[in-house]
Amino acid sequence: MLQTPIVIVNFKTYSESMGERGVGLARTIASVAEREGVSVSVAPQNPDLHRVATQVRIPVLAQHVDPLTPGAHTGWILPETIKEAGAVGSLINHSEHPLEIKEVEMGIKRLKEVGLISVVCAKDPEVCKSVASLDPDFVAVEPPELIGTGRAVSKVKPEVVTEAVELVKGVNRKVKVLCGAGISTGEDVRTAINLGAEGVLLASSVVKARDPEAAIKDIVNGVLTSRRV
Ligand code: G3P
């Protein structure tokens, strides 16, 4: 369902991505992705999942899910709920929403049980390795100190990308490896993919761009000019 190389745009809780603005942003991203034939997924704010999923044909992810089963829980988000809302999977363990490793394990298991894709974030290659042993679909290495800085992990810390790929594939070849933090341009994306990443996870460079259409076009162009295409 999520083809690689992939670009995942995390909408976070930026005001530019709330409600109808999130729908507009998702439409803009989807039309560039479809026109260029590049795999792109969006992760809107959870209350906007359904309206975004009904407005675009590209895959939609949740930003977080709780590893619970249906029942008497208040204020939590279940895999079943995001599936009903139209999501194909979820990010979990983002450094802005960290979980204990036990919760990550349960989250992967619960997502799998309902047929959803897990994209597990990890702060460094060693954590990627531990997560890979839990058999998620994707691991995304994101050094927290570069998030939102515009300084791309692929340029500033390329060794983090190569090491994450090596450690993850050493444990479980099926797990796909993404990288994120500071990815801002097509060149950052091309560099990431050429280092061995199977895609990127990014946010501010598109969500907060003055011209999000131009920003996503540049990002998508990075995929098209990488070695994997
Ligand atoms: O989930 C994506 C992320 O944390 C990276 O954010 O703004 O550096 O692209 P950003």
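Once divided by 2.2 N^0.38 Å, the Cα radius of gyration of the chain becomes 0.92.
Evaluating 6.51 cos²θ - 1.76 cosθ + 1.60 at θ = phi - 60° for every residue in the range 161-174, the Karplus couplings come out as 5, 5, 5, 4, 4, 4, 5, 5, 5, x, 8, 7, 5, 6 Hz, glycine and proline recorded as x. Considering all projection directions equally, how large on average is the shadow of the alpha-carbon convex hull of the range 127-229, in square nanometres? So the mean shadow area of the Cα hull is 6.0 nm².
Provide the packing ranking of 208-216, 124-132, i.e. peptides ordered by the mean count of other C-beta atoms within 10 Å per residue, highest first. List each step's numbers first, then the result.
Numbers: 208-216: 16.3, 124-132: 20.0.
The peptides rank, most packed first, as 124-132, 208-216.
Overall, the chain carries a charge dipole of about 440 debye about its Cα centre when +1 sits on the Cβ of Lys and Arg and -1 on the Cβ of Asp and Glu, all other atoms neutral. Backbone amide hydrogens, once placed in the peptide plane, bring V200 within less than 5 Å of I6, V7, I8, C179, excluding anything fewer than 5 places away on its chain. With θ taken as phi - 60° and the Karplus curve 6.51 cos²θ - 1.76 cosθ + 1.60 applied, the whole-hertz 3J(HN,Hα) list for the range 208-223 is 9, 5, 5, 10, x, 5, 5, 5, 6, 4, 5, 4, 4, 5, x, 5 Hz, x standing for glycine and proline. Take the cross-link list K102/K123; K109/K176; K102/K155 and give me the ones stretching past 21 Å between alpha-carbons. From the list (K102/K123; K109/K176; K102/K155), the Cα-Cα distance tops 21 Å for K102/K155. Projecting the Cα atoms of G75, P44, S133 onto the dipole axis of the range 6-224, where Lys and Arg carry +1 and Asp and Glu carry -1 at the beta carbon, places P44 farthest toward the positive end. Whole-Hz Karplus values for the range 70-86 come out as x, x, 7, 10, 10, x, 9, 10, 9, x, 4, 5, 5, 5, 4, 6, x Hz, taken residue by residue from phi with 6.51 cos²θ - 1.76 cosθ + 1.60 and θ = phi - 60°; glycine and proline positions read x.
Kindly rank 96-106, 171-181 from highest to lowest mean number of other beta carbons found within 10 Å of each residue.
Working: 96-106: 14.5, 171-181: 21.6.
The peptides rank, most packed first, as 171-181, 96-106.
When only alpha carbons are used to place a centre, the range 189-212 and the range 25-102 end up 18 Å from one another. Calculated mean residue ellipticity, 222 nm, the chain: -12000 deg cm²/dmol, from DSSP H runs (n ≥ 4) at -39500 (n - 2.57) each, averaged per residue and rounded to 500. Charges were assigned to the Cβ only: +1 to each Lys and Arg, -1 to each Asp and Glu. The resulting dipole of the range 127-229 about its Cα centre is roughly 180 debye.
Bear in mind that the values in this text are calculations on the coordinates, not laboratory data. A quick note: this is a predicted structure, and the numbers were derived from the prediction, not measured. Methodologically, a virtual Cβ is constructed for each residue, glycine included, from the backbone with ideal geometry; neighbour enumeration extends over all protein chains shown.
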